[in-house]
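Just below is one structure, and these are the notes that go with it.
Any read-out appearing in this document is the output of simple, stated calculations on the displayed coordinates, not a laboratory observation. The shown structure was predicted, so the numbers you read here are calculated from the model rather than taken from an experiment. Quick reminder, even Gly has a Cβ in these numbers, built from the backbone with ideal geometry, and neighbours come from all protein chains shown.
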Amino acid sequence: MLVMYWKRNYLFLLFIFVTQIITQDIRSFHMSEMFGWQFECANTTCLSFITATVSNIRQCRINCLAQVQCKAVSFHQSTSKCELFANISNGNVNMLANADIITMIVIDTTQTPLVTTTSITNSANPISNANSTAIPMSSTPSLTSPPSSTSSLTSSPITSSSSSTTTTTTSSVTPSTTTTTTSSSSTSSTTTTTTTTTTTTTTTTTSSSTSSTTTTTTTCYSMFYNQTIYSVGSAPISVVVADVNGDNKSDIVVANHGSDNIGVLLNSGSGIFSSQITYSTGSGSGPWFVAVGDMNRDNKVDIATANYGATTISVLLNRGNGTFLSQVTYSAQSYAYAVAVADVNNDNASEIILANAGSSNVGVFINKGDGTFYNQITYTVGATPVSVQMGDLNNDNKIDIIVANYGSGTVSVLLNIGSGTFASQTNYSVDPGPQSLAVGDFNNDNKIDIVTANVDSNSVSVLLNKGNGTFMSQVTYSTGSGSGPYSVVIGDINGDNNQDIIVANPGSNAIGVFLGTGNGTFLSQLSYSVGASPHSVAVGDVNNDNKIDIVAANYGTTTISILLHC
């Protein structure tokens with residue numbers, strides 16, 4: 001009788017426990033893993049709020065998953081110590097090299113109500129089907145400081161069938177993989193599909209178990225798959241991403257310096273591109289830079305190029321279907337190097353701004369309103385201007401000019417004083433050899449900041465806006481010895497609403513990514529292999545999955561590389 005009493009009470013308590021689990025919500029997150037790096041704080045406000053000894057790295061992840069405030073984790077492999085951090089923005093997110101430690105940072109979290117499912121267990125011939133599509137891959141990327149991976153982990157109660165069978169799900173993540181595991185109590189079939197960069201193996205095993213588990217593993221290097229390569233012209237030197245045919249898919253426009261033409265690759269869907277269609281910029285023109293914008297007020301994307309060899313700019317107007325009229329050229333000054341497109345006089349027609357590298361000035365081509373332009377008006381800047389960008393730096397609703405001066409190691413800022421005219425330059429020092437620049441809000445203060453890629457210094461320089469169009473002194477981040485950063489853009493790579501820095505490093509044949517913390521500081525560079533000598537990088541969502549992808553122009557080949565976001 002005593003035994004029967006305890007059995008009844010045990011079953012009653014078990015019923016209550018299972019009922020409580022089933023009524024919980026599902027919480028999941030994605031984590032970026034960095035191997036050989038220790039999360040470190042610049043002040044005591046972000047010391048770990050929990051330190052525990054765990055059996056393995058998976059248990060460390062689960063500890064973080066159980067704490068809503070957990071934003072970062074450091075796992076000590078030798079001691080199995082697990083440190084949980086609550087707020088990474090307060091500590092400037094320093095990373096210290098330590099081969100014993102794996103650091104994981106939460107990229108995003110989701111929480112959804114549990115949906116209870118009913119499964120049928122009476123099946124004479126249980127069948128399970130699993131399909132896995134391999135992403136095109138060409139070479140294994142070389143991961144440098146710090147290599148990382150993205151893992152997905154879900155904490156959810158397990159639903160059971162009418163027989164009250166409990167199924168346990170186990171998820172394990174290895175370096176540089178994304179793993180998702182789902183489990184339900186249903187048929188007696190287990191299917192596992194594994195995709196790697198070299199082989200795909202599918203194994204189906206039938207057993208007498210009362211559970212069905214499907215696991216799909218696709219190789220993912222940090223946040224991006226291996227590059228996909230497309231052929232273009234000779235010595236591709238500049239690339240942009242834009243929807244040129246109005247189908248809501250991002251297309252690619254590339255300047256082929258060695259072929260004297262522009263290549264347009266139309267997106268056929270899901271990030272797959274057709275062969276390039278070329279448009280001549282003239283024999284010996286040597287187009288060095290390409291930019292896009294609506295220049296004739298028809299709401300279609302037109303093309304402008306800086307032709308280094310011909311000392312001209314070219315304008316190619318969009319016919320409306322993603323094809324372009326023949327070029328119209330305008331005279332520039334010595335060594336037309338880079339162009340930007342923006343409306344500087346608020347007439348809804350975009351102007352062209354040109355960096356004349358050999359003349360140490362920028363030229364402003366005012367739009368007549370129909371896609372034709374007046375002769376340039378020039379403004380003096382620093383020595384050898386090689387990159388130009390536009391943005392409202394002082395929040396006066398006028399577009400200002402920002403220039404990278406390779407020869408003088410400075411950035412020139414020319415504030416718009418109205419009607420498309422500009423004040424004299426104000427200069428800011430950066431590391432030697434600024435080759436490219438980009439602008440964006442790095443510290444979420446609604447003011448535009450500046451970043452330069454310094455080819456001679458193997459660094460990027462960040463200049464934060466004081467709020468009135470003037471800037472603080474630079475803060476630099478290394479791109480690696482011999483990397484020679486040549487091009488820089490910004491974008492929110494990891495979906496945390498903070499701007500990140502993306503740089504083309506021709507010396508290491510790689511793209512570097514510096515993840516932004518939201519306070520104007522950045523994590524150490526992540527590196528992704530592309531083709532030989534990438535001289536230009538662009539970002540955009542090319543497969544409509546709401547994630548930012550990367551496109552690189554490989555000057556040392558006749559190709560461009562596409563890195564699709566995992």
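Please work out the FRET efficiency for the pair SER481 and SER234, using the Cβ-Cβ distance as r and a Förster radius of 22 Å; give the result to the nearest 0.05. Spell out each step's value before the answer.
Details: r = 29 Å, r/R0 = 1.33.
It comes to 0.15.
If r is the Cβ-Cβ distance from SER424 to ASN346 and R0 is 22 Å, what FRET efficiency results, to the nearest 0.05?
0.55
Under a plain spin-label model, where a point goes 7 Å from the Cα along Cα-to-Cβ, how far apart in nm are THR51 and ILE417?
In this crude label model, THR51 to ILE417 measures out at 6.0 nm.
Order 47-58, 354-365, 65-76 from most to least packed using the mean count of other Cβ atoms within 10 Å. Walk me through the numbers on the way to the answer.
Working: 47-58: 14.2, 354-365: 23.4, 65-76: 18.7.
With the highest mean Cβ count within 10 Å placed first, the list reads 354-365, 65-76, 47-58.
According to the square roots a ≥ b ≥ c of the eigenvalues of the Cα gyration tensor, what is the shape class of segment 228-563, taking rounded for a/c under 1.5, prolate for a/b larger than b/c otherwise, and oblate for the remainder?
Rounded shape, in that the Cα axes give a/c under 1.5.
Multiply the residue gap between ASP298 and SER331 by 0.36 nm, knock off their C-alpha separation, and tell me the result in nm, one decimal place.
9.4 nm
Using a simple spin-label model with points 7 Å from Cα along the Cα→Cβ vector, what separation in nm is obtained for THR380 and GLN69?
5.8 nm
In what sequence, highest mean first, do 546-555, 339-348, 418-427 appear when ranked by Cβ atoms within 10 angstrom?
The packing order, highest mean first, is 546-555, 339-348, 418-427.
Check cross-link reach from LYS398 to the lysines: straight Cα distance under 26 Å, and skip same-chain residues fewer than eight apart.
LYS300, LYS368, LYS447, LYS466
Can you figure out the FRET efficiency of SER78 with THR470, using R₀ = 60 Å and their beta-carbon distance, to the nearest 0.05?
0.75
If you count, for each residue, the other Cβ atoms within 10 Å and average over each peptide, how do 275-282, 323-330 line up from highest to lowest?
The packing order, highest mean first, is 275-282, 323-330.
What is the sum of charges, Lys and Arg at +1 and Asp and Glu at -1, for the other residues whose Cβ falls under 11 Å from the Cβ of ASN498?
That works out to -4.
Report the full-extension gain for the segment SER275 to ASN444: residue separation times 0.36 nm, less the Cα-Cα distance, to one decimal in nm.
Working it through step by step, the gained length comes to 56.9 nm.
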